[in-house]
Amino acid sequence: MNIQQLKEKHKLLTEFHYDLGEIEKGYTNRTLHVNISDNIIQKKEVTQFMKDKFIGGKGFGLWYLWNAVTPKTKWNDPENEIIIGTGPICGITQYPGAGKSLVVSISPLTDIVIDSNVGGYFGPYLKFSGWDALEIQGKAKNEVVVFIDGTTGLVQIFEAPLEEINSHILAEQLTEMFASDEKDKKNISVVSAGAGADNTLFGMLNFSFWDPRRKVSRLKQAGRGGIGTVFRDKKIKALVIKSPPLKGDTNHPMNMELINKAGKRLNKEIFDLDASQCRMRTVGTANIIDVMDQYDLLPTHNYKFGSLPDAKKIYCDIFGEKYWDIGKADGCWVGCSMACSRITKPYKLKSGPYKGEEVVVEGPEYETAAGLGGNMGCFDPEFIIEGNFYCDTYGIDTISFSTATAFVMECYENGILNKEITGGLELNFGNVDASLELLHQMARGDGFGKIVGLGIKKMKQIFIEKYGADPKFLQDIGMEQKGLEYSEYGTKESLAQQGGYGLTNKGPQHDEAWLIFMDMVNNQIPTFEDKAEALHYFPMFRTWFGLMGLCKLPWNDITPADNKKYPPKEAAKIPEHVENYTWLFEGITGIKIDEKELIRQSERVYNFQRIFNIRMGHGLRKDDAIPYRSAGPVTVEEYESRQERYDKQLKELINIEGKSTEEKMKILRQNREAQYEKLIDAVYKRRGWTNNGVPTIEHLKSIGMDLPELLEVIKPNL
């Protein structure tokens, strides 16, 4: 069926006309609210209160969600929302990494707020079309497409019964449908999910952008926490935006000179230094695979080990030499000289519904290669590419898929599961064919894949109740926290990164506090106090990117040549780049800030999210506990794989002469669990929270967030 025939089957449910308006100092000063239950479309004013307290991006999303839901709201209730926010800096082209948008919702995995950042063009195009955020609520009766035409000022909701569900086809269908001609395709961006988001709890969203060189719609992912599952539960097939032409000053900044000054400085560093530092322009985030393996930090076999000999089969240059289309640098937003996006040459699929078709695959990024390759023990580049493609088009988060599957593989190898339970799948580590079949089952919603698609938290309960599994063992090896699957870093030897995962607001995702390089590679935070301070500063600093619409990679994946002139703790912050961000904010908004105010802006939103979690029945100390495998060895095999290291550590505490491995493991566990509890105490104190993890009234007053509705939530918990 051709595009015209698909379009003829659309049924217009409602439309809304609006004045295009103008962006002023990075803001459109309004947001778009779409209720797909009642087909009501409205605009909302962005108040000064919102800008002062929540800034933009993730902050706006949290505020709108807070006002939309109640403490009893579940992820699949109509009042749950999906909010896509931009931020005042989002959309500029003079500074690398300014194309990010932030997506916020109640998570099917965690039952609390999830936020997920994503590249691609939709976020900037949303702003250029007249909106600081898009707020979607309700549930449609039938499959719908929401179309925002930023060239004419029109929003429409269509029933769209016949388009494909899976993203690699749907994005191209809708790009062609809504573009006026071939040249106009670059002005279209599509948000979609896929069949996997229909049938798992860790569905994700794809944000498209048109690649005129390859003539394909490329996809970037808002991957974490199941927002794609919420999207499909609402019967949204896609969001489509058509943007007016991009201009260099579309954000109408207050002081373009400051923006250019920051951009010129960073762009020069990238061009001069990237090839000798992280090689982001050549191999992207996959450069981390080699480093993590060499430092014993690459998760392998469900985080059991930090390195295996076969890991070299998936080092980044393997992809570069054989699979990637390396030529002109690729970025996921205009003007990003870091250009870390990688895409494969045409690749012929070997399995699934599209077997035999040639596709291009976005990635693999580090997390995908480390998860599908290392964590699942499938050290096969072609499996990683195939799995990457199908996860993307099905709308399945590669991190949750690989971590959940690795958990199942360990359960299988320990006899908790067998072929009768798995429907014949031999789910040993490294079984490529079984892993792909599991993935296709998730998309179809059948077989054992339907169980794995529930996520580790729910699987643990099922395996205990139905198969008699040992609850303590499953809790130790089930790499989830707050219900969210761990992202792909081994943390046993990094107390700071254990806290970086465990003390997050949304669950163990590295975008909030990625301290593993500082702690284990660069040794920049050696003392206990250093780690506690880092777990205050860096989560607040990284939160700021999500308020502004910025990518975090240009901050520290390139460093100035003279950065070592600073003391180690300061060098980790990349002071010159922090200064760049203060210039950017002032250049856009006209408001002069320093590093302290940057952190304070983030603290307001960070503490608000913590209180939001408390309001939803979570967010206390008990919710910050971690599975023991993220802190130490669970099995004898694990201990003995690093025996020299562990014995040396224990000898500093006690005499271990004559003690068995099991006895040594018990002592090590007591010590490591005690260290983690001490870290919690120190971090809570530094953040201005009680010993139970509740922000104090005094702290909220000090940051200007002693709002009555927040005090009402925390007072019963103080």
Within the stretch 666-699, tally of residues that are assigned to a helix (DSSP H, G or I), closer than 30 Å to Leu598 by Cα and touching a Gly at 6+ places or on another chain (Cβ under 8 Å): 7
Qualifying position, being outside the structural domain of Glu698 (by TED's automatic domain parsing) and surrounded by 19 or more Cβ atoms within 10 Å (Cβ to Cβ), among Asn613, Asn580: Asn580
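Looking at Ser494, Ser435, Ser487, which is the one that is in contact with a Gly (Cβ under 9 Å, 6 or more places away or on another chain), modelled with pLDDT under 95, at negative phi and of a type in the set (Ser, Thr, Tyr)?
Ser494
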Residue that is free of Cβ contacts under 8 Å to residues at least 24 places away in the same chain and in contact with a helix residue (DSSP H, G or I) (Cβ under 7 Å, 6 or more places away or on another chain), where the choices are Glu176, Glu182, Glu164: Glu164
Residue under evaluation Glu437, criteria (1) of a type in the set (Asp, Glu); (2) surrounded by fewer than 24 Cβ atoms within 10 Å (Cβ to Cβ); (3) under 22 Å from Thr635 (Cα atoms), criterion not met: (3)
Number of positions in the stretch 60-116 that are closer than 19 Å to Phe545 by Cα and basic (Lys, Arg): 1
Of all residues making up the stretch 1-34, the number that are part of a strand (DSSP E or B) and over 26 Å from Leu65 (Cα atoms): 2
Strands (runs of 3 or more DSSP E) enclosed by the stretch 93-153 - at least 1 residues per element that are aromatic (Phe, Trp, Tyr) and over 20 Å from the mean Cα position of the chain (by Cα): 144-149
Those helices (runs of 4 or more DSSP H) lying entirely in the stretch 236-353 with at least 2 residues over 25 Å from the mean Cα position of the chain (by Cα) and either at pLDDT below 95 or surrounded by fewer than 21 Cβ atoms within 10 Å (Cβ to Cβ) (or both): 256-273, 316-322
In the stretch 693-702, residue surrounded by the most Cβ atoms within 10 Å (Cβ to Cβ) [restricted to those that are within 27 Å of the chain's Cα centre (by Cα) and of a type outside the set (Gly, Ala, Ser)]: Pro695
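For Gly395, indicate whether it is closer than 17 Å to Ala222 by Cα, out of contact with any Asp or Glu (no Cβ under 9 Å at 6 or more places or on another chain) and among the small types (Gly, Ala, Ser).
Taking the combined requirement at face value, the residue does not satisfy it.
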Meets criteria (without any contact (Cβ under 8 Å) to a residue 24 or more places away in the chain, surrounded by fewer than 21 Cβ atoms within 10 Å (Cβ to Cβ) and either touching a Phe, Trp or Tyr at 6+ places or on another chain (Cβ under 7 Å) or not aliphatic (A, V, I, L, M) (or both)) for Lys139: no
Answer residue from the stretch 507-551, given it is modelled with pLDDT of 95 or more and in a loop (DSSP other than H, G, I, E, B) and is surrounded by the most Cβ atoms within 10 Å (Cβ to Cβ) among those: Gly549
Residue in the stretch 648-665 that is part of a helix (DSSP H, G or I), touching a residue at least 40 places away in the same chain (Cβ under 8 Å) and in contact with an Asp or Glu (Cβ under 8 Å, 6 or more places away or on another chain) present: no
Candidates Glu586, Glu652, Glu638, Glu570, filtered to the one that is modelled with pLDDT of 95 or more and either among the β-branched types (Val, Ile, Thr) or within 25 Å of Ala496 (Cβ to Cβ) (or both): Glu638
Any hit, the stretch 58-80, residues being assigned to a loop (DSSP other than H, G, I, E, B), small (Gly, Ala, Ser) and touching a residue at least 40 places away in the same chain (Cβ under 8 Å): no
Residue within the stretch 19-28 that is touching a residue at least 12 places away in the same chain (Cβ under 8 Å), surrounded by fewer than 17 Cβ atoms within 10 Å (Cβ to Cβ) and touching a strand residue (DSSP E or B) at 6+ places or on another chain (Cβ under 6 Å) present: no
Pair list, Cβ < 7 Å and 6+ apart or interchain, from the stretch 508-520 residues that are closer than 14 Å to Glu367 by Cβ to residues that are aromatic (Phe, Trp, Tyr): Pro508/Tyr486; Pro508/Tyr501; His510/Tyr489; Ile516/Tyr489
Members of the stretch 54-79 found to be of a type outside the set (A, V, I, L, M) and touching a Leu at 6+ places or on another chain (Cβ under 8 Å), listed by number: Phe54, Gly56, Gly57, Lys58, Gly59, Gly61
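Does any residue of the stretch 215-222 turn out to be within 19 Å of Cys90 (Cα to Cα), touching a residue at least 40 places away in the same chain (Cβ under 8 Å) and not assigned by TED's automatic domain parsing to the domain that holds Asn117?
Checked the stretch 215-222: no residue is within 19 Å of Cys90 (Cα to Cα), touching a residue at least 40 places away in the same chain (Cβ under 8 Å) and not assigned by TED's automatic domain parsing to the domain that holds Asn117.
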Glu257 vs. criteria within 16 Å of Ala339 (Cα to Cα), out of contact with any Phe, Trp or Tyr (no Cβ under 9 Å at 6 or more places or on another chain) and acidic (Asp, Glu): no
Complete set of residues in the stretch 163-197 that are assigned to a helix (DSSP H, G or I) and among the hydroxyl-bearing types (Ser, Thr, Tyr): Ser167, Thr175
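For the stretch 182-226, name all the residues that are basic (Lys, Arg) and either surrounded by 24 or more Cβ atoms within 10 Å (Cβ to Cβ) or within 16 Å of Ile241 (Cβ to Cβ) (or both).
Just the residues of the stretch 182-226 that are basic (Lys, Arg), to begin with: 183, 185-186, 213-215, 218, 220, 224.
Across the stretch 182-226, the qualifying residues are Lys185, Lys186, Arg218, Lys220, Arg224.
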Residue check for Cys391: outside any helix (DSSP H, G or I) and in the same structural domain as Lys304 (by TED's automatic domain parsing): no
Number of the exception - Val190 against (1) touching a helix residue (DSSP H, G or I) at 6+ places or on another chain (Cβ under 8 Å); (2) at pLDDT below 95; (3) not assigned by TED's automatic domain parsing to the domain that holds Ser400: (2)
Residue identified as within 17 Å of Ile421 (Cα to Cα) and in contact (Cβ under 8 Å) with a residue 40 or more places away in the chain among Leu438, Leu484, Leu454: Leu454
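The values are calculated or read from the model by the stated rules, or taken from the named source; none is laboratory data. All values reported here derive from a predicted model rather than from experimental measurement. Positions of Cβ are backbone-derived with ideal geometry, glycine not excepted, and every protein chain shown enters the neighbour counts.
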